[in-house]
Amino acid sequence: MKLNSIIIGEGTPLLILHGFLGMSDNWKTIGSKLAEEKNFQVHLVDQRNHGKSPHTDNHSYELMAEDVAAYCEQHSLSNIILMGHSMGGKTAMLAAANYPDLVKKLIVVDIAPKYYEPHHQQILEGLTALEDAKLESRKDADKLLSEFISEKPVRLFLLKNLNRTSKGDYCLKVNLQTLKDNIEEVGRALPQDKSYSGPTLFIKGANSNYIKKEDREAIKNQFPEVEFKEIANAGHWVHAEKMDDFYVAVVDFL
């Protein structure tokens, strides 16, 4: 499988993996800054069934970790820095554990290796309504989505998945059916026997409950060289909500 990506700059390869229902474009601002100011070659990767990457019937962390390794082989990358947010964080953890010689440093953003119950039902219902509707404009799409999701920033994030076809109508970039069929996979825990002993940074938003204090011991067991960084006044979307603080935390670690 050939994943789609945006590649910015020259230097040490740094791969960034977006979260569930996201895409490479979500990380363009931070990626550009890291490339221009810190001499990284930043690869903003669309994971399978997201963005412009291929759609498949299967969606699992094992497959997405394999996708990362295959991507690195296709682009002749080694000694990479791997960063992932949420679902992308779990992909990054497993890729680092499965291919430790490939990954020089690991950054995990607001996710733990534990199991999470499916909690995207309302969002998936909203996107299903969008897929089934005959939309005239993005304004129509936002209005329809607002029946399911009240928070405007969440809707704006999700509406990035809306694509205008050559016929002038709208379709979704994400492979919605596969993601709905495999929603349990998205919350699945990493196997406890999987570990990565390289330098690792876990970043959490102080207002997010995705990583709890009691999770730290389990994280240390699987990632013994871990550092923890908490960003004040930020939730799960820590890199978007507190971009400057997030950027400093990443650069300090690197």
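Would you please calculate the Kirkwood hydrodynamic radius of segment 115-236 over all C-alpha pairs and express it in Å, rounded to one decimal?
In segment 115-236 this quantity evaluates to 17.2 Å.
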Just to check I understand the Karplus step: with θ = phi - 60° and J = 6.51 cos²θ - 1.76 cosθ + 1.60, what whole-Hz values come out for segment 40-56, glycine and proline as x?
9, 8, 8, 10, 8, 9, 7, 6, 3, 6, 9, x, 9, 7, x, 8, 9
Mean-position separation - Cα centroids, segment 72-148 and segment 209-253, in angstrom:
17 Å
Using each residue's phi in segment 103-116, evaluate 6.51 cos²θ - 1.76 cosθ + 1.60 at θ = phi - 60° and report the 3J(HN,Hα) Karplus result to the nearest Hz, with x for Gly and Pro.
9, 7, 8, 10, 10, 10, 10, 6, 7, 10, x, 7, 7, 10
What three numbers, in Å, describe the spread of the alpha carbons of segment 63-166 along their principal axes, ordered from the longest?
49, 36, 21
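Within segment 12-79, what whole-number % of the accessible surface is contributed by carbon and sulfur, with the 1.4 Å probe and all protein chains included in the calculation?
C and S atoms contribute 39 percent here.
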Which whole-Hz ³J(HN,Hα) couplings does segment 92-98 yield from phi under the Karplus relation 6.51 cos²θ - 1.76 cosθ + 1.60, θ = phi - 60°, glycine and proline marked x?
5, 4, 5, 4, 5, 5, 7
Give the Kirkwood hydrodynamic radius (Å, one decimal) of the chain, defined as one over the mean of 1/r across all pairs of different Cα atoms.
18.5 Å
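If you roll a 1.4 Å probe over the heavy atoms of the protein chains, what accessible area per residue do you get for the chain, in Å²? Before the final figure, lay out the partial values.
On the way: 11930 Å² over 254 residues.
Here the per-residue accessible area is 47 Å².
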Hey, can you grab everything whose amide H is under 5 Å from the amide H of F40? Only 5+ residues off in sequence or another chain; H modelled, so Pro and N-termini drop out.
A35
Less than 22 Å apart at the alpha-carbon level, and either on another chain or at least 8 residues along: which lysines does that give for K180?
K52, K90, K114, K134, K160
Equivalent ellipsoid, segment 79-126 (semi-axes from 5 times Cα gyration tensor eigenvalues, Å)
26, 10, 8
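The values are calculated or read from the model by the stated rules, or taken from the named source; none is laboratory data. No experiment lies behind these values; they were computed from the predicted model shown. All accessible areas refer to the heavy atoms of the entire protein, side chains included, with ligands and DNA or RNA removed. Shrake-Rupley method; radii C 1.70, N 1.55, O 1.52, S 1.80 Å.
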